[in-house]
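See structure below.
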Amino acid sequence: MTERETLHHAVSRGWREMGTLLVHLARDLPADARGTLVNQPPTRGSTVLFPTVADMNRNGARRYDHEVIYGAMGTPIQHELEAAIAAIEGARHAQIVSSGLAACTTPLLAFLGKNGHCLIPDSVYGPTRRFANTVLRRFGVDTTFYPPLTDAAGLRAMMRPNTQVVFAESPGSHTFEVQDVRMIADVAHEHGARLILDNTWGVGIFHPFEHGVDIAVQALTKYPSGHSDSIIGAISVADEQDWHVLRDTCIQLGQVAGPDDCWLTLRGLRTMGARLERQSRSAIDVALWLAGRPEVARVLHPALPSCPGHDVWRRDFSGASALFGVVFQPDYSQEAMIAMIDSLTLFGIGASWGGYESLVLPTTGGILRTCAAEAPGGPACRLHIGLENADDLIADLSAGLEMLTGAATYGD
C-alpha cells in the first residue's frame, strides 16, 4: 500500500469496526405487535408519579441504577444515552451532564478534597485550566501543571502525599501532544491517586479503561452529537465505588442534560462511525497535502510522525479524529495567517469542532502555557475537517496560502 492508503486504513479502522455497534446499541425496544419506533422518543418531564409512597422510596434508593424519581436525576432518554456511552467506552456506568466542560469539572469536584493536590497537563483545554486556577483554588486545592510528554520519573517527582487526582488530555488542546496514558495511570495509582482522562478526541478509538484510566470524560457536543446543535457531556467510570461517588456528586450539583439534547446525541451516535470513517480519511488527505507545502513548518496530526507522541498514538489508538494543528513557517506573521483564515470560504471560523462542517481557529497568541515548552516556531491554527469533498477543501486552502504569501510580502 502507498503511504496515503496505509494512513487511511490506520485512521479509519476503528470507526469502521464500530459501525454495527453504534447502530444497534441502546435500542432494546420491547416487541410489540403494533410495531415500535426505530428511535426512542425524548422523555420530557420533571415530576414522576408513583402509585404508593413505598414505590417512590424504592426507586429513590436505587439511584445508582438510573432509576427515575425526579427529572433532575435523569430521564429514560438520558439513561439510554448513558448506556450507549458506557458501551462505547467500555465502562461500567456513565453519567450524562450539561456540557463537555461540566464533564471535566464535575469529577474534579467529586474526587478532590480540601487541601488536596491535582496534576493537570500544561496542554489542557483552556476552561479546565481556568477552573483549576479559580474554583479549585478557592476550595483549597492546589494544582500543578505538568509537561504533557513528561516521563515516569518526571511525573513521580511532581506527585505529593496529598495528590488525589492526575488529569490527562490526549491529544492536548491546540498542540496535540499524545500522552502515554498507561504510564500516567501506573504512576498515579502508585501514589493512591485517580486518573481522569479527557477522551473527547479519542472517544470510540481509544479505550480508556484498558489503559488504567479511572474516570473518562467526553464532550458529546463534538462527534457523538455530530451536528453542532447541542451542548452535552458524559463521564464514564469503571469502578462501582467511584460510580457511587460520581453519581451522588452529579445529583447534588443538579448535573443532568435536557432530554432534547440527549435525544439529538443518541441520534447522532448512530452515524458517528460512518461520518468519522469519511472525515478521518479526508483529514489525512488535507494533512498530507499541507505537510508538502513550503509555507508549512509542521502538521500536528497524531497519525503523522511530525506530531509529538505519534508513537504512542500508533500503539494505543485504533483510529483518529479529523481535528489537527498546522504550524506555519516562522517567516510568516500572525497577521498574515489571520488574513489567510479570513479568506477561506469553506472553513467556518469557530471555537468548537466535531460537526459535519469544516472549521479553522487560530491557536497562537491566546494559549497559556506555564511549563517550559517547545515554541511552535511560527503562527499556528487548528483545522477540523468535515464532510465536504477533500479536494474542495484543499482548493480552498490553496487559495488561502496564496493570500498568506501575499500578506507576508505586501503587508495587510
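No lab work stands behind these numbers, since they all come straight from the coordinates. Bear in mind that the values here come from a model prediction, so they are computed numbers and not experimental data. Cβ sites come from the backbone with ideal geometry, for glycine too, and all protein chains shown count toward neighbours.
The listed peptides 133-140, 218-225, ordered by packing as a protection proxy, come out as 218-225, 133-140 (highest mean of other Cβ atoms within 10 Å first). Projecting the Cα positions of ILE338, LEU155, HIS384 onto the charge dipole of the chain (unit charges on Cβ atoms of Lys, Arg, Asp and Glu, taken about the Cα centre) puts LEU155 furthest along the positive direction.
Ranking LEU264, ALA185, ALA54 by how far each Cα lies toward the positive end of the dipole of the chain (charges on Cβ) leaves ALA54 at the top.
Under 13 Å from a label point 7 Å along Cα→Cβ of MET1: give me every residue in segment 265-281 with its amide N that close. Only 281 pass the distance filter.
Per residue of the chain, the DSSP helices (runs of n ≥ 4 H) give a summed -39500 (n - 2.57) that works out to -12500 deg cm²/dmol at 222 nm. Backbone amide hydrogens, once placed in the peptide plane, bring SER352 within less than 5 Å of nothing, excluding anything fewer than 5 places away on its chain. Considering all C-alpha pairs of the chain, those separated by over 38 Å amount to 22%. Using the Cβ-Cβ distance between ASP331 and ARG92 with R0 = 45 Å, the FRET efficiency computed as 1/(1 + (r/R0)^6) comes to roughly 0.30.
If you plug the beta carbon distance of SER352 and GLU240 into 1/(1 + (r/R0)^6) with R0 = 45 Å, you get a FRET efficiency near 0.85. Computed about the Cα centre, the dipole magnitude for segment 39-269 is approximately 600 debye when only Lys and Arg (+1) and Asp and Glu (-1) carry charge, each at its Cβ.
Descending by average beta-carbon neighbour count within 10 Å, the peptides 205-211, 349-355 line up as 205-211, 349-355, the highest first.
Taking every DSSP bridge with both residues inside segment 39-269, close to 40 percent are antiparallel.
DSSP assigns beta bridges within the chain; of those with both partners inside it, close to 55 percent run antiparallel. Using the alpha-carbon atoms, what tilt in degrees (0 to 90, nearest 10) does helix 240-253 show relative to the longest principal axis of the chain? The angle comes out at about 90 degrees. Over the C-alpha atoms of segment 98-191, the Rg to Rh ratio, Rh being the Kirkwood estimate, stands at 0.94. For the chain, the longest principal axis of the C-alpha atoms and the axis of helix 181-190 are separated by about 50°. With no solvent and one equal point scatterer placed on each C-alpha of segment 39-269, evaluate the Debye formula and give log10 I(q)/I(0) for q = 0.11 Å⁻¹, two decimals. Log-scaled intensity ratios, in q order: -0.54.
Dipole size of the chain about its Cα centre, with +1 on Lys/Arg Cβ and -1 on Asp/Glu Cβ: approximately 880 debye, rounded to the nearest 20. Divided by 2.2 N^0.38 Å, where N counts the residues, the Cα radius of gyration of segment 51-131 comes to 1.40. Relative to the longest principal axis of the Cα atoms of the chain, helix 259-269 runs at roughly 60 degrees.
Highest-first packing order for the peptide set 392-402, 98-108 is 98-108, 392-402, based on the mean count of other beta carbon atoms within 10 Å. Extending 7 Å from Cα along the Cβ direction at ALA54 and again at TYR70 yields two label points whose distance is 2.4 nm.
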